[in-house]
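Note sheet for the following structure.
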Amino acid sequence: NGAETLTVNPVDNGVYDAAGNEASTSQSNNTATLNDKLPATITGVSLASTNATIAVTFSEAVYNATGGSGALEAADFAFSISGGTASLSSATPTSISASGNVYTLGIGISGTPNGAETLTVNPVDNGVYDAAGNEASTSQSNNTANLIEKIPPTIASVALASDNATIAVTFSEAVFKTNGGSGGLEASDFTISVSGVLEASVSGISSSQNTIFTLGISLSGTPNGSETLTVNPDDNSIYDGAGNEASTSQSNNIATLNDK
């Protein structure tokens, strides 16, 4: 790695001059520093919570030329992705910025990650060198990260009680009050509306496993069976465990009131 000192000496009774004088086994002017032949490696990566960038840390200062000069460019790296539902819009980073040995690369993603995607970053061939001119391998370790899930929770179905007193709302995944994955939902986290002349409000809530929420319904009159009830999350109220907010406009969220 360039920190080694090589020392050479004559062995005992090994080297003589023409007059028969033996060379000492302890000499000066007999050391040399080995040349660094250890290429730079990726020691770690850190993915932004938005999946928009990834910070790549190298073991030493790196350049895009063999003479220890030239700033790295986005084209000196290549991305690949496996698993999940999202893909790359480009295998080349969309941007690059540097701070010491850390390079922050922009990521172009197509589709919405479900969290099962593994992103891999590698130097390209003839792309990254250390100050001694050693080329970084195009196959690294410590160079992968799982994309963060960005699919918001949705209402999978609703089930209205026969007496119109409650409606059970089932979500696609566990949901919470805060974007930190904690807190039970409250009645005020939902809005309901009724077509026609009736008015409705949420009068209470109970839950099962953070996925099914039974809402109490308070109606202003007596339904004749032609009215439709719509339930939606309120704004900034319902999140999944990854902090993705449920949309205030849903499907699978309408039920026809029973004729009373």
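The values are calculated or read from the model by the stated rules, or taken from the named source; none is laboratory data. Just so it is clear, the structure is predicted and the values come from calculations on it, not from any experiment. Neighbour counts are summed over all protein chains in view; Cβ atoms, including those assigned to glycine, are modelled from backbone coordinates with ideal geometry. Surface areas here come from the heavy atoms of the whole protein model, side chains and all, with no ligands, DNA or RNA. Shrake-Rupley method; radii C 1.70, N 1.55, O 1.52, S 1.80 Å.
A few notes on this one:
- Selected from N134, N146, N35 as most flexible by GNM, with the chain as the system and alpha-carbon contacts under 10 Å: N35
- Of all accessible heavy-atom area on the stretch 15-131, the percent that carbon and sulfur account for (1.4 Å): 48 percent
- For the stretch 147-260, a Kirkwood radius taken over Cα pairs fed into Stokes-Einstein (25 °C, viscosity 0.890 mPa s) yields D = 173 µm²/s.
- At q = 0.15, 0.25 Å⁻¹, base-10 log of I(q)/I(0) for the stretch 211-256 (Debye sum, equal scatterers on each alpha carbon): -0.52, -1.08
- Three semi-axes describe the equivalent ellipsoid of the stretch 20-96; taken as square roots of 5 times the Cα gyration tensor eigenvalues and ordered largest first, they are 47, 14, 11 Å.
- Over 32 Å [Cα-Cα, the chain], rounded percent: 54 percent
- Rotationally averaged projected area of the stretch 1-52 (alpha carbon convex hull; nm²): 6.1 nm²
- Electrostatic dipole magnitude of the chain [Cβ: Lys, Arg +1; Asp, Glu -1; Cα centre; debye, to 20]: 520 debye
- Considering only E73, E227, E245, the Gaussian network model of the chain with Cα springs below 10 Å gives its largest mean-square fluctuation to E227.
- Max mean-square fluctuation residue, GNM over the chain, Cα-Cα springs under 10 Å, options L88, L219, L105: L219
- The figure for K177 is an accessible area of roughly 60 square angstrom, using a 1.4 Å probe on the protein chains alone.
- Surface accessible to a 1.4 Å probe, per residue, for the residues of the stretch 51-163, Å²: 43 Å²
- With the biggest extent put first, the Cα atoms of the stretch 1-156 measure 99, 30, 22 Å across the principal axes.
- Split the accessible area of the stretch 179-257 by element, probe 1.4 Å, and carbon with sulfur accounts for 39%.
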